[in-house]
Amino acid sequence: VASSDASVPELRQKFGPRASDAPERRGAVARDASHVQGDPRAVVAPRSTEEVAWLVRWARKSKVPLVARGAGTSLDGESAPLRGSVVVDLSGWTEVLEVDPVDRIARVQPGVINFELHRHLSPSGLFFPANPGSWTTCTIGGNVATNASGPRSFRYGPTRNWIRAAEVVLGTGEVVRVGTRAPKRSIGPDLLQLLVGSEGTLGILTEITVALAPRPSRRAALAVAVPAATTLGPVVAHLAPLVSHGLAAIEYLDDRCADALRHEPGAQLPGGGALLLLEVESHDVNDETGRLERLSRILKASGLTEDPVLFPDADRLWTLRGASGTALDRALGERVREDIGVPISRVDELLAEINRIATAHHVVSAVYGHLGEGSLHPNFVVAPGTEEGEAVRGELLAAAVRLGGTISAEHGIGSVKSRWIADQVGAEGVRWLREVKRTCDPDGILNPGKIVD
Ligand SMILES: Cc1cc2nc3c(=O)[nH]c(=O)nc-3n(C[C@H](O)[C@H](O)[C@H](O)COP(=O)(O)OP(=O)(O)OC[C@H]3O[C@@H](n4cnc5c(N)ncnc54)[C@H](O)[C@@H]3O)c2cc1C
């Protein structure tokens, strides 16, 4: 962690004890959940839009970069503070400002934790559908800035689908409100959507209005064994139409990931081999029984003939599934963790590519992910940031693009994947992204080194 400097007293004067350059405070925010090591010069915790706007103006004047930080759970260096940035810690800015059941919206401060919003909404019969595996810790600001998604996005789509409006302080220092409370709008280009997934490189979100969905009365989850050599694309093709019969998630764990999760306390997963994890929403017990029977018939017809294990509380399975990364940390240790997506019709080719890459580099691989959306997390047991680790990553990303897919299905680009962004969007796309960045952040003071540098 870099040492402090002369700019910090100005921050202390404005923010008092909410600004700090103490080594332990800086050390706590020097990394996100990736291997990327940052070098923050200070941490500041603003609690109003005015304070964020002041910080941005100060950063422009002082030529000191800023990095917005929610919970710091991003996986590609998105919130790692590079180049001596000041970390803008939004994690304590946590009020749910309004819940309106008629407009079906919640207006929140950026540091509200996804799970806390879920809990807060419980009496309203509504919920915010994006449920990343990190939902007990990650923030709504972070979810919007990375366009996060989770198992239920098979039915509900990613965060992008559930945002109505936002207040943002652009890198110019201007405060702008984008979007509306109304469910529909047709004003393009859509400035609100431009901010979704922009990883704090264009502006800092200071208030977010999310759209809410009605809570299903019942939600059951299933874990079912996948026989070796099953081709997964056709299985998804058979299951996908069940979305109109309450199917809300189709998740996959290969045998290594499933074995790692079987060791988690109280896992109760079916024994041996790879697994599909599924969620079914329903109106009442009879409806649930009917839907589960229909699902079982289709699973059997698809070659998944073993009886599934039922989880009457679906969230228990998703919390377990959210521990896949940490279970693999224990089982496999340091590794390249990836997040790519391909069309469903190419999923089996992608899995073959993952095996080919692992064999060619003599490394162990493991795969899990949101199969119903072709969104997979391949893991390769090779140190990230090394020449070989990045060569493995590069081959995987090239395969995803070649198969008509994406170098990030849900986590983002951060600093880890910025060198491959041109492979995804082309040189013209990079030029366009740079022009957007220049307009919103003319001095390049917001989250440098991310997406496009
Ligand atoms: C165990 C685990 C499981 C995970 N599972 C999933 C998953 O299933 N799906 C998924 O999509 N992701 C997953 N992630 C990744 C991560 O949790 C998500 O990307 C999450 O949205 C990040 O939220 P955060 O609050 O931690 O953001 P941070 O890591 O703090 O920040 C992420 C990015 O958003 C920017 N940012 C944060 N707040 C703001 C703001 N208010 N204004 C502007 N920019 C801001 C940051 O600058 C940074 O670029 C997982 C991570 C872990 C560790």
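The values are calculated or read from the model by the stated rules, or taken from the named source; none is laboratory data. Computed from a predicted structure; not experimentally measured. Please note: Cβ atoms are built from the backbone with ideal geometry, for glycine as well, and neighbour counts cover all protein chains shown. To get the accessible areas, we keep the full protein, side chains included, count just its heavy atoms, and leave off ligands, DNA and RNA. Shrake-Rupley method; radii C 1.70, N 1.55, O 1.52, S 1.80 Å.
Residues that are among the hydroxyl-bearing types (Ser, Thr, Tyr) and more than 16 Å from the ligand (Cβ to nearest atom): find the helices (runs of 4 or more DSSP H) completely inside the range 283-379 holding 2 or more of those.
285-301
Take the residues in the range 409-453 that are of a type in the set (D, E, K, R) and in a helix (DSSP H, G or I), then tell me which one is least open to solvent (accessible area, probe 1.4 Å).
Residue satisfying both the conditions and the ranking: 437.
Residue by residue through the range 246-265, note down the ones that are open to solvent by 40 Å² or more (accessible area, probe 1.4 Å) and either at pLDDT 95 or above or of a type in the set (Asp, Glu) (or both).
255, 256, 259
Looking for whichever is at negative phi, more than 14 Å from the ligand (Cβ to nearest atom) and in contact with a Leu (Cβ under 9 Å, 6 or more places away or on another chain) here; the options are 56, 96, 44. Which one fits?
When all the criteria are applied, what remains is 96.
Please go through the range 385-418 and give me each residue that is under 22 Å from residue 30 (Cα atoms) and among the hydroxyl-bearing types (Ser, Thr, Tyr), ordered by number.
Those that are under 22 Å from residue 30 (Cα atoms) and among the hydroxyl-bearing types (Ser, Thr, Tyr): 386, 415, 418.
Only residues that are β-branched (Val, Ile, Thr), more than 26 Å from residue 222 (Cα to Cα) and within 8 Å of the ligand (Cβ to nearest atom): list them for the range 145-166, please.
Applying the first criterion (β-branched (Val, Ile, Thr)) to the range 145-166 yields 146, 159, 163.
Filter again for more than 26 Å from residue 222 (Cα to Cα), leaving 146, 163.
Selection gives 146 alone.
Counting only residues that are open to solvent by less than 20 Å² (accessible area, probe 1.4 Å), give me the strands (runs of 3 or more DSSP E) lying completely in the range 73-157 with at least 3 of them.
Per the criteria, 86-89, 105-108.
Exactly one of (1) in contact (Cβ under 8 Å) with a residue 24 or more places away in the chain; (2) in contact with a helix residue (DSSP H, G or I) (Cβ under 8 Å, 6 or more places away or on another chain); (3) farther than 23 Å from residue 370 by Cβ is unmet by residue 212. Its number?
(3)
Select from the range 22-55 the residues that are open to solvent by 30 Å² or more (accessible area, probe 1.4 Å) and over 20 Å from residue 109 (Cα atoms) and list them in ascending order.
23, 24, 25, 27, 28, 31, 33, 35, 37, 39, 41
What residue, among those in the range 424-446 that are touching a residue at least 12 places away in the same chain (Cβ under 8 Å) and either under 14 Å from residue 195 (Cα atoms) or of a type in the set (Lys, Arg) (or both), is farthest from the ligand (Cβ to nearest atom)?
Among those residues, the one meeting the criterion is 434.
Kindly list the number of the only condition in (1) within 15 Å of the ligand (Cβ to nearest atom); (2) free of Cβ contacts under 8 Å to residues at least 24 places away in the same chain; (3) out of contact with any strand residue (DSSP E or B) (no Cβ under 7 Å at 6 or more places or on another chain) that fails for residue 61.
(1)
Whether any residue in the range 295-318 is under 21 Å from the mean Cα position of the chain (by Cα) and among the acidic types (Asp, Glu) is what I want to check.
yes
Within the range 351-366, can one find any residue that is open to solvent by 30 Å² or more (accessible area, probe 1.4 Å) and modelled with pLDDT under 95?
No, the range 351-366 contains no residue that is open to solvent by 30 Å² or more (accessible area, probe 1.4 Å) and modelled with pLDDT under 95.
Out of (1) in contact with a Gly (Cβ under 8 Å, 6 or more places away or on another chain); (2) more than 9 Å from the ligand (Cβ to nearest atom); (3) at pLDDT 95 or above, what's the single condition that is false for residue 185?
The one condition residue 185 does not meet is (3).
Please state which of the following conditions residue 164 fails to meet, knowing it meets all the rest: (1) touching a Gly at 6+ places or on another chain (Cβ under 6 Å); (2) crowded, with 23+ Cβ neighbours inside 10 Å.
Going through (1) touching a Gly at 6+ places or on another chain (Cβ under 6 Å); (2) crowded, with 23+ Cβ neighbours inside 10 Å one by one, residue 164 breaks only (2).
Taking the range 173-209 as the region of interest, how many residues are open to solvent by 30 Å² or more (accessible area, probe 1.4 Å) and assigned to a loop (DSSP other than H, G, I, E, B)?
Residues that pass the stated criteria total 12.
Out of the residues in the range 64-82 meeting the condition of being of a type in the set (A, V, I, L, M, F, W, C) and more than 6 Å from the ligand (Cβ to nearest atom), tell me which one is nearest to the chain's Cα centre (by Cα). Steps first, answer last, please.
Quick first cut of the range 64-82, residues of a type in the set (A, V, I, L, M, F, W, C) only: 64, 66-68, 71, 75, 80, 82.
Going one step further and asking which of them are more than 6 Å from the ligand (Cβ to nearest atom), we end up with 64, 66, 80, 82.
Numbers: 64: 27, 66: 21, 80: 15, 82: 20 Å.
The selected residue is 80.
Considering the range 226-270 alone, what residues qualify as being under 16 Å from residue 351 (Cα atoms) and among the basic types (Lys, Arg)?
256 - this is the single residue of the range 226-270 that is under 16 Å from residue 351 (Cα atoms) and among the basic types (Lys, Arg).
Does residue 43 count as over 20 Å from the mean Cα position of the chain (by Cα), in a helix (DSSP H, G or I) and among the β-branched types (Val, Ile, Thr)?
Numbers: over 20 Å from the mean Cα position of the chain (by Cα): yes; in a helix (DSSP H, G or I): no; among the β-branched types (Val, Ile, Thr): yes.
So residue 43 does not fit the description; no.
Could you please let me know if residue 321 is under 19 Å from residue 400 (Cα atoms) and surrounded by 20 or more Cβ atoms within 10 Å (Cβ to Cβ)?
no
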